[in-house]
Structures are given as structure tokens and as C-alpha cells.
Amino acid sequence: MKALITSGGRGTRLRPITHTQNKHLIPIANKPILHYAIEGVVNAGIKQIGIVVNADNDEVQQAIGDGSRWGVKITHIPQDAPLGLAHVVKIAEPFIGKDDFIFYLGDNMVVGGVKRFIQEFKKSNYNCWLTLAKVKNPERFGVPEINSRGRIIGVEEKPKKPKSNYAVSGIYIYDSNIFKACDSIQPSARGELEISDAHQWLINHKYKVGYSEITGWWKDTGKPADLLEANRLILDNQEVKIEGEVDKASVVVGKVVLGKGSKIINSVVRGPAIIGNNCVIENSYIGPFTSIGDRTLVKNSEVEYSIVLRDCKIIDVKIRIEGSLLGNDVEIVEANNKPHVHRFMIGDQSRVEVAW
């Protein structure tokens, strides 16, 4: 069995962060989202992985490499334009060949990995195996219709009136018949080859489509709130690891990871939280569910339930920063000028909330 992982698209719902960074490389608990997908399939025993990348840049190729760090072979498959998930499958056929494969959307995260789904597919003798998760807003996803016998009889992409409260999550397992399906469907109204239409084609043509329900947590990290929630869930399952320095005036409690070369000075850190390498936390408070990237300085400030990327400076901020996502090399500092004013330099599609 092989694996096919997506890392393309434009990440429009995560702008402005994604104006300068591929969304699959945004860190969750200080590790790129894409790494979780790779590790998931590696832990399932897969040795050959294809990663679909945007054809117009090599950011993912440079960040991920050839797979040697995971002991696998990674093949990068360029996609000229985001033309739908079924199009991703079509262009990957030369890599997949006649093998079975797991198709994993690289911005999805699931607890417990994917090994059990692969095992259930192999035992089933089915042609297609979907993973389903109960959600509050199924209209955002592909939605299955399940009959009274527990069989999937239909799949609809982003329906206005969902026929169940399940979402088809971004983890699918196929045999080579999926290529027939993807070759047979037409673009949807939004101009994309929808993977839900390929699943419906399989059902209509009497191929066997089964499923597993995800009983733990699953996240599609498409929006800032999803990133923060995924960060919370990962941090809540980490182990304590203190490699930096904590002075006697500081308090560190809970599941806290502190990277090498980092210093906590006269501060309070309440886990679960992770602080990267060569950071300084001074006269500050770091609250639960916070990730701090490498080489970041937090001084005379408070941060909670947030993701702060590398090389940031948060200095003399009087009001706690909470529920925030800060990109690389961001500075938030107190204005010492008079009259006291707010001064911003903000990119396209940013959001700022100001309190007094």
C-alpha cells in the first residue's frame, strides 16, 4: 500500500498567514501540520508516499525533503492548479499504479493515527473505505447518506440540507477502481472535480464503499479557530520535557515543554504549553494551550490559548493576548510615543481586535 498526501491549495481561509507560508507548514504544537500526516502513514507501515504540491513553488519540497528523516521514500507530485481532490487522485495515478493507497488530506489531523482504518479496509475486501466523523456543521463537508442497514448509499459535497450529521473526513482508502471514477465524473459548479462525486460514481456502479467512524477527535485545520483547537488537543496529550532554564522566581506547572537554550525568568507558565528553542519568557505569563515558536521573546506580557510562530517579540503589552495566531517575525510592543495612539502595519485580510 502507498500513501497520497495533499499539500497544495492556497489556504485562503488562513490569510494573511498563508500569503507567505504554505498552510500545511504552519506549526501545531511547534510541528508543521504536514508532519502529522506523514507520521500517521509511516506509523501504519507505509514506505512510499506521494505528496501533491503546488507546481509554482518548491516550499514543501524544501521543507519535507525525500523522506529519509522518516525512513521512507517521498515523491513530490506537482499540481498546476487546485482543480479538486478527484483531480489530485487523477494526476497521482502514475505514482500509485495498481496499488491500494490511503489518500490523506495534509491539513487534517486525527488522534490515534490511521493504522486501524487501513487494517479494516484490508479485511473488508471493499473498493473504497471512508472515515466519518460526527460534526455540528456537516454542510461544510462531503456528507454521507446512510440507510437503515448502516450502508452508505450516497455522498453529497457541501449539501444545503445534509442527510446525516456525519462528515467524510479527509482520510480515504482506495483500490485502483477510484481512477475509473475520477476519470468518469465532470467538474462541479465551482469548476472542480469533487471527490464526493467520485464516491457517488462508485456507489452508482455497484462498487463496495464502506466506512469507519472516528470516535476520537478529528480536525480539518482550514480556519484559525480550527488551528487553535487542534493546538489545544495536541498540547493536552504531550509529556513534560524541560530542556531550557527556569529560574527560582518562576513557576512552571502542568504539561510544559521547554526547548533547548530557552529561559523562563520571573514568570508563570501554566501548561499544557510548548516553548521552542532559544526563547526568553521574562516577567510574563504563558497560559494553557499556548505554543511559542523558536527564538521568540515575551517580556512583561501575557499570552494564552494562542499560536505564536518563530522570531516574534511581545513586549510590554498591557492586556492579555488570547485566542490569537501570530505569524513569523511579528512584533507587538507598547507605544511610548505621545499622544498615545495605535499604530498598525497589517497585511491583506488581517484581523485586529483592540481593547482599552
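With 5 Å bins beginning at zero, the pair-distance distribution over Cα atoms of the stretch 239-333 amounts to 4, 16, 29, 32, 15, 4, 0 %. Place a point 7 Å from the Cα of Ala63 along the Cα-to-Cβ direction; which residues of the stretch 86-127 have their backbone N under 11 Å from it? Backbone N within reach: 107. Relative to the first principal axis of the alpha-carbon coordinates of the chain, what is the inclination of helix 195-204, with its axis defined by its Cα atoms, in degrees from 0 to 90 and to the nearest 10? Taking the Cα atoms of the chain, the angle to 195-204 is about 30 degrees.
Take the Cβ-Cβ distance between Asn283 and Lys260 as r, set R0 to 22 Å, and report the resulting FRET efficiency rounded to the nearest 0.05.
Values: r = 22 Å, r/R0 = 1.00.
After rounding to 0.05, the efficiency reads 0.50.
Of Lys31, Lys318, the sequence from fewest to most neighbouring Cβ atoms within 10 angstrom is Lys318, Lys31. Antiparallel beta bridges, as assigned by DSSP with both residues in the chain, represent about 25 percent of the total such bridges. 3J(HN,Hα) along the stretch 30-36: 6, 9, x, 3, 4, 4, 5 Hz, from the Karplus curve 6.51 cos²θ - 1.76 cosθ + 1.60 with θ = phi - 60°, whole Hz, x for Gly and Pro. Considering only C-alpha atoms, what is the centroid distance from the stretch 249-327 to the stretch 170-203, in Å? Using only Cα atoms to place each centre, the spacing works out to 45 Å. Counting 0.36 nm for each residue step from Asp247 to Asp226 and taking away their Cα separation leaves a gain of 4.1 nm.
With the alpha-carbon atoms of the stretch 289-332 aligned to their principal axes, the span from lowest to highest coordinate is 22, 20, 11 Å, starting with the largest.
Cβ under 15 Å from Phe179's Cβ, Phe179 left aside: what net charge do those residues give with Lys, Arg +1 and Asp, Glu -1? That works out to -2. Based on every Cα atom in the chain, Rg and the maximum pairwise Cα distance Dmax equal 22.2, 73 Å.
Net length available on complete extension from Ser176 to Leu83 is 31.4 nm, with 0.36 nm assigned per residue and the Cα-Cα distance removed.
Computing FRET efficiency as 1/(1 + (r/R0)^6) for Asp311 and Thr215, where r is the C-beta to C-beta distance and R0 is 35 Å, gives about 0.35. Label-to-label distance, Asn125 versus Arg151, with points set 7 angstrom from Cα along the beta-carbon direction: 1.5 nm. Given their separation in residues at 0.36 nm each and the Cα-Cα distance between them, Lys73 and Lys134 gain 18.6 nm when the chain is fully extended.
Helix-derived [θ] at 222 nm for the chain: sum -39500 (n - 2.57) over DSSP H runs of at least 4, divide by residue count, nearest 500? After summing the helix terms and dividing by residue count, I get -5500 deg cm²/dmol. Placing +1 on the Cβ of every Lys and Arg and -1 on the Cβ of every Asp and Glu, with nothing else charged, gives the stretch 2-234 a dipole about its Cα centre of roughly 720 debye.
We did not get these values from a lab; they are worked out from the coordinates using the rules stated. Keep in mind it's a predicted model, so treat the numbers as computed, not measured. Cβ atoms come from the backbone with ideal geometry, glycine included; neighbour counts cover every protein chain shown.
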